Amino acid sequence: MRVPMSHARVERRHLLSAAALGRDVQTPRPAEDDDGTAIDAVSGQIVDATTHLLVVENDDGQEERLVVAPWATAWRGGPVPPTRLPIGSRVIIRTRAGRVADCVWADMTRMTGIILDVRGRRDLTVEIDGGPHRGRRSIVIPYRSTGRILVRHPRLEPGYLFDAIGTMQDGAAVAQVPATSQPPYRAEALPPPPPAFGGTRTRISGTAVWSDYTDHGAAYPMLESSDTGCDQGVVSCARLPYLSLGSMLFVRNVCARRSGTVPIVGCGCMAGHFCDRCLDCDTSPRGRIVELSALSYVRLGGDLTKGCFNAQVGLG
């Protein structure tokens, strides 16, 4: 299990960081298209689903009633009609024009880490180490999904990296599609980092991914403070500056042309192991530069069934 970072702690670090650097205290800005259109998302549990309406109890315990757009899609291990999602499903819903739901992801989970053990012949059970914040996790790759997983993860062996997307089913994490292609190196053989960050660029390009973080915000690979519990032995292969917990991070989805600011709520030390590229709309520079909570990822125009989007980040 990951080490939780309380909202109060992150907020206090944000205030101290702003005071130390002589900056005004900033609050997160909602994601917007380049033309200024606000993007929103709702997370919670389905209470009721009809042909034209989804009723959701959100994370604050309040009821949300969302109109289902005629073109709306849903994913729960595969494409399903939104009205056929089971009552009680944990969902993240992208909304447009206020209360119109146009995309729903149900019972989603992402399984990212270092392979520790692989067992089984048809259905595979894989043990992964998700880093100090997530700990060890047991996942299942059903036989029907092994072909898709192995195409992009040919080395299901201890010591190699693993990254897949799937669903929670009866308390078990079930991998159904690869999130990204598996890096060809072992986890401890990360390519050498580039020269130290020079501080001349205001925006840094790379890959943004999502994770199961429940806090709204982002995990960042290069945190300067040791009290975050980050593995200081891992250095990102992207040219990133050190930032502090509670800093406001500007994030731009280059492909969807949406941007916003989010707080840094944790350390993305596992993301630092991945020296890969995103091919969402073009080829990004190598390196994962931010790991967003699923809700923040959707608000910035990301599709949870895709593992990444091409991104730019900078201080908010």
Problem set entry | Accessible surface of segment 71-162, 1.4 Å probe, proportion on carbon and sulfur as whole % | 52
For this session: Over segment 69-218, average the accessible area per residue using a 1.4 Å probe and give it in Å², no decimals.
Result: 47
For this session: Whenever you get a sec, compute what percent of the accessible area on segment 205-297 sits on carbon and sulfur atoms (1.4 Å probe).
Result: 46
For this session: Might you tell me the accessible area per residue for segment 226-316, computed with a 1.4 Å probe and given in Å²?
Result: 30
Exercise. For segment 200-316, with the dipole built from +1 on Lys and Arg beta-carbon atoms and -1 on Asp and Glu ones, taken about the Cα centre, which of Thr228, Leu279, Leu245 lies farthest toward the positive end?
Worked result: Leu279
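Leaving ligands and nucleic acids out of the surface, order Arg121, Arg99, Arg144 by accessible area at 1.4 Å, largest first.
Descending accessible area places them as Arg121, Arg144, Arg99.
Taking square-rooted eigenvalues a ≥ b ≥ c of the alpha carbon gyration tensor, is segment 232-314 rounded, prolate or oblate, where a/c under 1.5 means rounded and, failing that, a/b exceeding b/c means prolate?
Working: a/c = 1.68, a/b = 1.19, b/c = 1.42.
Oblate shape, in that a/c is at least 1.5 and b/c is the bigger or equal ratio.
Are there any trypsin sites (Lys or Arg not before Pro) in segment 253-316 that are in a DSSP loop and have at most 10 other Cβ atoms within 10 Å? List them by number. Write down the numbers at each step before the final one.
Details: sites: Arg257, Arg258, Arg277, Arg286, Arg288, Arg299, Lys306; in loops: Arg257, Arg277, Arg286, Lys306.
Sparse-neighbourhood loop trypsin sites (Lys or Arg not before Pro): none present.
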Exercise. Can you give the translational diffusion coefficient of segment 71-224 in µm²/s, computed by Stokes-Einstein from the Kirkwood radius over Cα pairs at 10 °C and 1.306 mPa s?
Worked result: 90
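The values are calculated or read from the model by the stated rules, or taken from the named source; none is laboratory data. Given the structure is predicted, the values throughout are model-derived calculations rather than measurements. Please note: Cβ atoms are built from the backbone with ideal geometry, for glycine as well, and neighbour counts cover all protein chains shown. For accessibility, only protein heavy atoms count, side chains too; no ligands or nucleic acids. Shrake-Rupley method; radii C 1.70, N 1.55, O 1.52, S 1.80 Å.
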